[in-house]
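Q: Below is the structure I would like to discuss, written out as structure tokens.
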Amino acid sequence: MKSTIFIAFLLIGVAHCFFGPISQVINNAGNSVNSVTNQVGDSINSAANQVGDSINTAANLLSESVDKFVNDIRGHVDSFIRELLNTINHLQATASSLWNNAFSPIFDMLTSGKQTPLNEKFNAIGAILGRPIAVPENPLSEKYSQLMARLKSNIHHLYEEVFMLAHDTLAAVEKGEFDFEERIRAFYGKLDAIQKQINEWVAETKAELEAHARRIEGEWTQIVSQYNQNIDLSVKTIGGMFQELTHNLMKTFINVAVSVVPNAMSIVQSMKDQGLLSFFRQ
């Protein structure tokens with residue numbers, strides 16, 4: 001529970017540059033629609049009040065009001081798409097920033113056990129996530145560093161896939177493709193696949209480290225155990241960050257979808273009834 005709170009706190013700060021603008025787009029969308037709807041209502045009421053004087057005049061006013069409504073909605077949709085495209089275009093910069101300022105340094109800190117600028121910035125991280133073990137230099141150090149660099153590179157590839165999925169999902173909205181439930185389930189599928197893949201890589205990494213240790217003269221059981229503890233701590237933390245990130249990307253998509261997709265909220269509720277989207281609060 002504590003680690004989830006920490007991860008959420010960390011990601012909220014770094015990811016605000018993405019989630020803030022799109023939320024504002026959605027709020028603006030709602031305000032625009034409400035404003036236009038109110039104007040139509042006023043015009044219709046005005047038209048109805050004049051029925052006694054001139055049915056033809058009232059009909060013209062109503063027709064003009066409907067035309068204005070359609071034009072205003074068209075303009076609103078065009079504006080929404082422009083802002084949405086702007087958000088999509090900034091997605092890669094957001095992905096790079098979040099990786100460089102959160103995922104990458106946390107992985108390095110937890111796998112190495114060394115002091116980093118992140119320790120100073122988040123001095124309570126050890127108490128919340130658990131403290132990595134600072135393993136002194138030894139004949140396994142070089143091999144361990146190589147394995148961690150490979151594992152980190154592989155995890156980074158998965159990270160980029162998550163943002164590519166988010167990019168494709170938002171781009172689909174811009175194209176008018178509103179296969180809402182299918183895309184939400186795609187996020188869940190990606191999250192499950194990421195966890196499974198990381199677990200496989202961890203098992204392979206540990207096996208390779210242990211095999212390397214057996215080829216070196218000496219007793220390295222304790223050192224290998226300490227390295228394995230750091231690996232477990234790092235992937236557990238990164239896994240939680242992936243989950244929080246994916247949930248936030250799904251929230252963004254849901255908030256966009258409910259403003260443009262018919263009966264989106266009923267789909268959301270149906271998925272909640274199936275035990276999904278527990279993180280989403282209406």
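Q: Taking segment 179-209 only, how many residues are among the small types (Gly, Ala, Ser) and under 22 Å from Met271 (Cα atoms)?
A: 3
Q: For segment 153-184, which residues satisfy the criterion of being surrounded by fewer than 17 Cβ atoms within 10 Å (Cβ to Cβ) and within 25 Å of Glu204 (Cβ to Cβ)?
A: Ser153, Asn154, His156, His157, Glu160, Glu161, Met164
Per-residue answers, yes or no, for (1) under 21 Å from Thr111 (Cα atoms); (2) at pLDDT 90 or above; (3) of a type outside the set (Val, Ile, Thr):
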position: Gln195; (1), (2), (3): yes, yes, yes
position: Glu210; (1), (2), (3): yes, yes, yes
position: Gly218; (1), (2), (3): no, no, yes
position: Ile223; (1), (2), (3): yes, yes, no
position: Gln226; (1), (2), (3): yes, yes, yes
position: Val235; (1), (2), (3): yes, yes, no
position: Thr252; (1), (2), (3): no, no, no
position: Ala264; (1), (2), (3): no, no, yes
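Q: Turning to a different aspect of this structure: Identify all residues within segment 201-224 that are assigned to a helix (DSSP H, G or I) and surrounded by 11 or more Cβ atoms within 10 Å (Cβ to Cβ); write none if there are none.
A: Trp201, Val202, Glu204, Thr205, Lys206, Glu208, Leu209, Glu210, His212, Ala213, Ile223, Val224
Q: Also: Counting only residues that are within 13 Å of Val256 (Cβ to Cβ) and of a type in the set (Val, Ile, Thr), which one in segment 160-176 is modelled with the highest pLDDT?
A: Thr169
Q: Restricted to segment 85-121, and to residues that are of a type in the set (D, E, K, R) and assigned to a helix (DSSP H, G or I), which residue is modelled with the highest pLDDT?
A: Among those residues, the one meeting the criterion is Asp108.
Q: Kindly indicate which of Met241, Met265, Met250 is among the aliphatic types (A, V, I, L, M), assigned to a helix (DSSP H, G or I) and surrounded by fewer than 17 Cβ atoms within 10 Å (Cβ to Cβ).
A: Checking each option against the conditions leaves just Met265.
Q: Identify all residues within segment 139-152 that are of a type outside the set (S, T, N, Q) and surrounded by 13 or more Cβ atoms within 10 Å (Cβ to Cβ); write none if there are none.
A: Hits for segment 139-152 are Pro139, Leu140, Lys143, Tyr144, Leu147, Met148, Arg150, Leu151, Lys152.
The values are calculated or read from the model by the stated rules, or taken from the named source; none is laboratory data. Given the structure is predicted, the values throughout are model-derived calculations rather than measurements. Cβ: placed from backbone, ideal geometry, glycine included. Neighbour counts: every protein chain shown.
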